[in-house]
Amino acid sequence: MRQSFSVGIGGAAGQGVATPGDIFAKIFSRRGLHLNAYNAYQSIIRGGHTFLTVRTGPDKIATTDGRLDLLVPLNQDTMDRHMRLLSAGSACLYNADLIKPGNPADGVQLCPIPVSKLADISRNKVAQNTLAIGAGLSMMGVGFPALESVLEEQFRKKEKAVVDENISLARSGYDYATQNFKPFAWPLPMTDDRYAVLSGNAAMAMGGAAAGVKFYTAYPMSPSTGVLHWMADHARKAEIMVRQVEDEIGVINMAIGAAHAGVRAMCATSGGGFALMSEGLGLSAQAEIPIVVIDCQRAGPSTGVPTKTEQGDLWQMLGAAFGDYPRVIAAPLDIADCFKLIPEIFNVADRFQCPGIVLCDLLLAEGRLSVDPKDLDFHPVIDRGELITSNGSGEHEAYKRYKITDSGVSPRVIPGVPGHTHTVSSDEHDEDGVLISDEYTNSVKRRAMMEKRMRKMEGIAASIPPPQLLGPANADVTLIGWGSTYGVIDEACELLREAGISVNHLPIRWLVPLHGDAILELLRGARHTIIVENNYSGQFARYLRSETSFVPNGNIRKYDGEPFLPHHIVEAVKEQLAGKTNLSVPAHEIMV
Amino acid sequence: MATEVVNPQAIVMADFKGKVDPDWCPGCGDFGVLAAVQKALVELQIPKHEVATISGIGCSSNFPGFIDTYGMHTLHGRSLPVATGMKMANHAMTVLVTGGDGDGFGIGCGHFVHATRRNVDLLYLVMDNQIYGLTTGQTSPTSRIGMKTKSMPFGNIESPLNPISLALAAGATFVARGFSAEQKHLTELIKQGIEHKGFSFIDVFSPCVTYNHDNTFQWFRPRVKKLEDNPEYDSSDWGAAMEKSLMWGDEIPIGKFFERTDLPSLHAAEPVLKKGPLVQQDCRIPPDIAKSFIDELM
Ligand SMILES: Cc1ncc(C[n+]2csc(CCOP(=O)(O)OP(=O)(O)O)c2C)c(N)n1
Ligand code: SF4
Ligand SMILES: [Mg+2]
């Protein structure tokens, strides 16, 4: 089992749950610890219940696991909901003036903080938060200077008096805990590593900047808005033009216009906005103008659950826009991969002049992970494909924008170059871009153009790597997942092995084109296969079956808005191996 | 790129002749608009590779195929966002947007309002025939009350939209109306629209001879009156323009309703474009900037 320590902080929206979370995250990562943070919240600006979990430890931590070592309830509601998550050895830090503890399990340490005695609450509304941070860190065995420097940075923009007040508050919480509470049995270790802590949204935005994106458009929609926020914040330094557009139809079409002019253009949205974009995807494919669209999935359908996660958009992606057309669709496996995937998918989209779709989800988009800064490579390979940027000597054969070639790719000129004027078109056209859709309709040309475009799929398939099986070749169980379930399945595999069950893992990253034959080959010897996914109908299972005829022995699905926790998968695998069911739908035990 | 000098010879009408001849019905108003655009580009001596002509879908939107420039035939109603993206990525290009009343005021009306308020530096020419031509004659957002079409065979009961007032209300910095049969006048308006630094909108009466039997050339001819013929008319007066825009009946004003030059266009207001067209900028993030992005997260 991975050694880890988890803190849960909960309260109503507006009570300042985020700041203690950020402070803990910063201190953990600066101790050289890995961490993963997940915030369960609702679409509400004030009130409701927000519950932030930060899990940290010296080993790779890619998911929260539902256990808590320290609970910090900022209101009674949080205490009532989550006290039951605490077990022997854990502790609960709370404001003794306002919050009544319930009945903790044996061995849980209750740590009431006399907030009104330690702070002037009429002046500082969030005094209880700062006291609790100080107290918690003391119990974790973290020296006070680490907190002091983080607080200085946190309140850097405020006056010195504010900084000093917060430091002295934190100090009294720290000292009070040292004198009155028992420290945790496992003091937080330290390593020499240093990590960057970032969300998937920031990672995708930064990945875009690294990929050379010069034009970014968006219409705000949770959980994708973080990409817009990063882009807008860093636009001037990164020299990226960022525009908030009137709707997602405008978003994708503006991106297409910019891409046609020759820059890399990207946009992000969630399922509802993506639905509005689908006609534009067809335009990108038909006019052969590469763009990258990010979809951060949230629980649907319709407005759905804006702040909850799901992997429910796969078939929307597969069916988006009418007609057959070449495209590439990939799902990042974790937050570091959110960064890495963007330059990769841009290279494919540019080389094959087609839309690229990144199928992310709220879990990664809004979650936070410690990432080795070396994995944030701002100098990746940039392959713009066959681009004509100059008229050369001016002596060339007449330019044909949609020239029929073996690869299906026709060299693309950047508008503005002399000697290459032409019309790109959403209507079917001939090699010259002249419309054949109206009175010139010509079945021979239509067929040739369809085949030219669709030939690109072969090149795309050859340019993306087939998936790989992780773990021992001859395992009792093979768990198949796609996208964001990578981290949780990985940890579940470790727990299953510790329980004596041999297991391996097949994570799928590139969804379209799907390396169906390679997947069948990998699964040929598998004894018991289970597909794990965060949706109701088994969208990936159905897709895999439609592409390969493969049917797994069982499925594990979840569609309550919350992500899988490792033990959900472990228990489901055990019940399926015992023959109790072939469809497990784990219940989420954390009430958020 | 757009700055390369290739053709020291004078630019002539033949330079802008498209790869195919227009497939519009004989007598369609759109022919006159095409000729006026080509003439304006010749008079302004703009090389064709520095021009982007971007349309939506409709008879009128087939325009880019009939003129030799960097053409784009986009989706029904989406020409303006595509053109905005194109202009932002390469503001050295002269961007013309062409389309119909259905394309611009029906399905694309939201984009029309927003491109207008953004003051994107392009010329938007609507060939307004008060009908859906390509789909064989249905009511359009500018069809008059009572007009009988295939989709409203007993007569339109919805008020038409007023493109001129709408553009003015949305903050357009150049608003004009032309008539396809008034070639010289239209050419002049197009030239002014191209030279205006900001969003220029010209609504052009371009009769559909096949499906609109109400608003024909004969119907327009006696009614249109040029604002330029009225020495009192001041096109910098927004209130006067709004008032004129409401005139419809025996006298219908054409000409330049309004122009203001004191507002920056979108690309001029964007700091990132100060260094020059986006497409010519380096796309790599310098190492020190990249490091600062990562340091923020440590
Ligand atoms: C999304 C979508 N809806 C409908 C159509 C069908 N359609 C093509 S052109 C058109 C109307 C054209 O009218 P207008 O823009 O006035 O152009 P005109 O033909 O009159 O010049 C319609 C409804 C389409 N191409 N795309
Ligand atoms: S149908 Fe009308 S608008 Fe279309 S080409 Fe014919 S005359 Fe012109
Ligand atoms: Mg029309």
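The values are calculated or read from the model by the stated rules, or taken from the named source; none is laboratory data. None of these values were measured; they are calculated from a predicted model. Note that we place each Cβ from the backbone using ideal geometry, even for glycine, and neighbour counts take in every protein chain shown.
Cβ separations smaller than 6 Å between residues 6+ apart or across chains give the following pairs from the range A:333-350 residues that are assigned to a helix (DSSP H, G or I) to residues that are acidic (Asp, Glu) and modelled with pLDDT of 95 or more: A:ALA336/A:ASP375; A:ASN347/A:ASP383. Can you confirm whether B:PHE220 is crowded, with 20+ Cβ neighbours inside 10 Å, under 22 Å from B:GLY133 (Cα atoms) and either under 19 Å from the mean Cα position of the chain (by Cα) or within 16 Å of ligand 3 (Cβ to nearest atom) (or both)? The answer is no for B:PHE220. Does B:GLY249 count as at positive phi, more than 14 Å from chain A (Cβ to nearest Cβ), of a type outside the set (A, V, I, L, M, F, W, C) and touching a strand residue (DSSP E or B) at 6+ places or on another chain (Cβ under 6 Å)? Taking the combined requirement at face value, the residue does not satisfy it. Exactly one residue out of A:VAL551, A:VAL573 is more than 18 Å from the chain's Cα centre (by Cα), among the hydrophobic types (A, V, I, L, M, F, W, C) and not in a helix (DSSP H, G or I), and it is A:VAL551. The set of residues in the range A:403-416 being within 13 Å of chain B (Cβ to nearest Cβ) and out of contact with any strand residue (DSSP E or B) (no Cβ under 6 Å at 6 or more places or on another chain) consists of A:ILE414, A:GLY416.
Answer with yes or no whether A:SER284 is surrounded by fewer than 24 Cβ atoms within 10 Å (Cβ to Cβ), polar (S, T, N, Q) and within 14 Å of chain B (Cβ to nearest Cβ).
It is false that A:SER284 is surrounded by fewer than 24 Cβ atoms within 10 Å (Cβ to Cβ), polar (S, T, N, Q) and within 14 Å of chain B (Cβ to nearest Cβ).
Of the numbered criteria (1) touching a residue at least 40 places away in the same chain (Cβ under 8 Å); (2) outside any loop (DSSP other than H, G, I, E, B); (3) in contact with a Leu (Cβ under 9 Å, 6 or more places away or on another chain), the one A:ILE249 fails is (1). What residue, among those in the range B:187-208 that are touching a Ser or Thr at 6+ places or on another chain (Cβ under 7 Å) and of a type in the set (A, V, I, L, M), is farthest from ligand 3 (Cβ to nearest atom)? Filtering first and then ranking leaves B:ILE194. Scanning the range B:253-280 for residues that are without any contact (Cβ under 8 Å) to a residue 60 or more places away in the chain and either crowded, with 17+ Cβ neighbours inside 10 Å or more than 24 Å from B:MET88 (Cβ to Cβ) (or both) yields a count of 1. Residues that are farther than 17 Å from A:ILE252 by Cβ and either at the interface with chain B (Cβ under 9 Å from one of its Cβ atoms) or part of a loop (DSSP other than H, G, I, E, B) (or both) within the range A:209-229 comprise A:ALA209, A:ALA210, A:ALA211, A:GLY212, A:SER222, A:PRO223, listed in sequence order.
If the condition is being within 16 Å of ligand 1 (Cβ to nearest atom) and in a loop (DSSP other than H, G, I, E, B), then the range B:8-52 contributes B:PRO22, B:ASP23, B:TRP24, B:CYS25, B:PRO26, B:GLY27, B:CYS28, B:GLY29. Taking the range A:214-254 as the range and being charged (D, E, K, R) and under 22 Å from B:PRO277 (Cβ atoms) as the test, the residues that pass are A:LYS214, A:ARG236, A:LYS237, A:GLU239, A:ARG243. For residues in the range B:1-26 being surrounded by 14 or more Cβ atoms within 10 Å (Cβ to Cβ) and among the small types (Gly, Ala, Ser), which is modelled with the lowest pLDDT? The residue in question is B:ALA2.
Restricting B:GLY110, B:GLY171, B:GLY137 to those that are within 16 Å of ligand 2 (Cβ to nearest atom), over 13 Å from the mean Cα position of the chain (by Cα) and at pLDDT 95 or above reduces the list to B:GLY137.
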